[in-house]
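The values are calculated or read from the model by the stated rules, or taken from the named source; none is laboratory data. What you are looking at is a predicted structure, and each value in this text was computed from that prediction instead of being measured. Using ideal geometry, Cβ is built from the backbone for each residue, glycine included, and neighbour counts are taken over all protein chains shown. Keep in mind that these areas ignore ligands, DNA and RNA; they rest on the heavy atoms of the full protein, side chains included. Shrake-Rupley method; radii C 1.70, N 1.55, O 1.52, S 1.80 Å.
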Amino acid sequence: MPTDMTQPLCEIDELRIGFRGHDGELTDAVRGLSLTLHRGERLGIVGESGSGKTLTGRALLGLLPPDALCQAKTMKFDGQDLLAMSARKRRQLCGRQMSMILQDPKYSLNPVMTVAQQMREAFHLHSPKLDRREMREKIIAALAAVHVRDPERVADAYPHELSGGMGQRVMIAMMVSSGPRLLVADEPTSALDVLVSMQVLRILDEMIEKHNTGLIFISHDLPLVMSFCDRVVVMYAGRVVETCAARDLVHAQHPYTRGLLAANPPLIDPPDELPVLKRDAAWLAESTGESA
Ligand SMILES: Nc1ncnc2c1ncn2[C@@H]1O[C@H](COP(=O)(O)OP(=O)(O)OP(=O)(O)O)[C@@H](O)[C@H]1O
Ligand SMILES: [Mg+2]
């Protein structure tokens, strides 16, 4: 079936994710989230800790924890209905066309396999015909591309032998080199110093350019999201409370978004005291959904 390039890459409508607690009580973590992502678009997701950003990304990839209760009116990738798809087909999609850079790479890498062993597994899905030497070259090149200084040594290391930033780069190397059509990057630069962060963003840029990848970029760094993304959704308590063009985030209207912005002090001449966000119970009920 030829791909209709005009339709969105991803569509989520009314996503709900909950967990049953030890007392059997259901807690809602994502409460009716809707969003659309286009091909080649960089969509930032911002919002406080616990607002459901990671769960949303995981739901799209089919990587939710087994005890999560998930439902949605629509969840589509490239016109295909993810809700109706077999588990096998979803796994295939996840390995080949959708990738996620997970928030805690050290916990996401397999602790009993070397970096090269797990990269080989990931790369085998896309390049099954490579022989041993070619595969090794591809692994080293992928590590070098994310500016790992000593790729030969890192390739043969186990995850516990890596620093946090190196683990993050290994994860990025694994996920980016397949040229996915959708990449969910969950705080991909949070463990990296500024210079390496910039290099990683350049790598994401190149990937988007080359493969027209749709990127969901989850971050707490509002200035970075404003400069790197095209559009931003702001999440609060499991919902989208505001959507706007990234450059317009400074003019955001929702009081929660204004609060987030005010909590990012300017580097030059910062205020003596940071404002404390006063939450309004009405924000929990409110959902503006997609406005852009
Ligand atoms: N496996 C789980 N069991 C129970 N509750 C969970 C589980 N995973 C996530 N949650 C809850 O769901 C909510 C949303 O979690 P999520 O990880 O999506 O937050 P987040 O927006 O990514 O936060 P952060 O910015 O800290 O990464 C949180 O309140 C969290 O406690
Ligand atoms: Mg998270």
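Structure notes:
- Choice from LEU93, LEU125, LEU61 showing the highest fluctuation, given a GNM over the chain with Cα pairs closer than 10 Å: LEU125
- Normalised by residue count, the range 55-153 yields a Cα convex hull volume of 137 Å³ per residue.
- Accessible carbon and sulfur surface of the range 73-198 relative to its total accessible area, %, 1.4 Å: 53 percent
- Alpha-carbon centroid distance for the pair the range 95-145 / the range 160-214, whole angstrom: 13 Å
- For the range 158-257, the direction-averaged projected area of the alpha-carbon convex hull comes to 7.3 nm².
- Helix runs (DSSP H) in the chain reaching 24 Å along axis by Cα, Kyte-Doolittle at least 0.0: 194-211
- The chain: antiparallel DSSP beta bridges as a percent of all, rounded to 5: 55 percent
- Accessible area ranking (1.4 Å probe, heavy atoms, ligands and nucleic acids excluded), largest first, for ARG181, ARG169: ARG181, ARG169.
- The overall shape of the range 103-179 is prolate: from the C-alpha gyration tensor, with semi-axes ordered a ≥ b ≥ c, the ratio a/c is 1.5 or greater and a/b exceeds b/c.
- The range 57-78 residues near the modelled ALA87 label - backbone nitrogen below 14 Å, point 7 Å along Cα→Cβ: 62-68
- Fraction of alpha-carbon pairs over 25 Å apart in the chain - percent: 50 percent
- Here the range 51-84 is scanned for amide nitrogen atoms under 20 Å from the site 7 Å beyond the Cα of HIS22 along Cα-to-Cβ, giving 66-69.
- Per residue accessible area in Å² of the chain, where ligands, DNA and RNA are left out and the probe is 1.4 Å: 51 Å²
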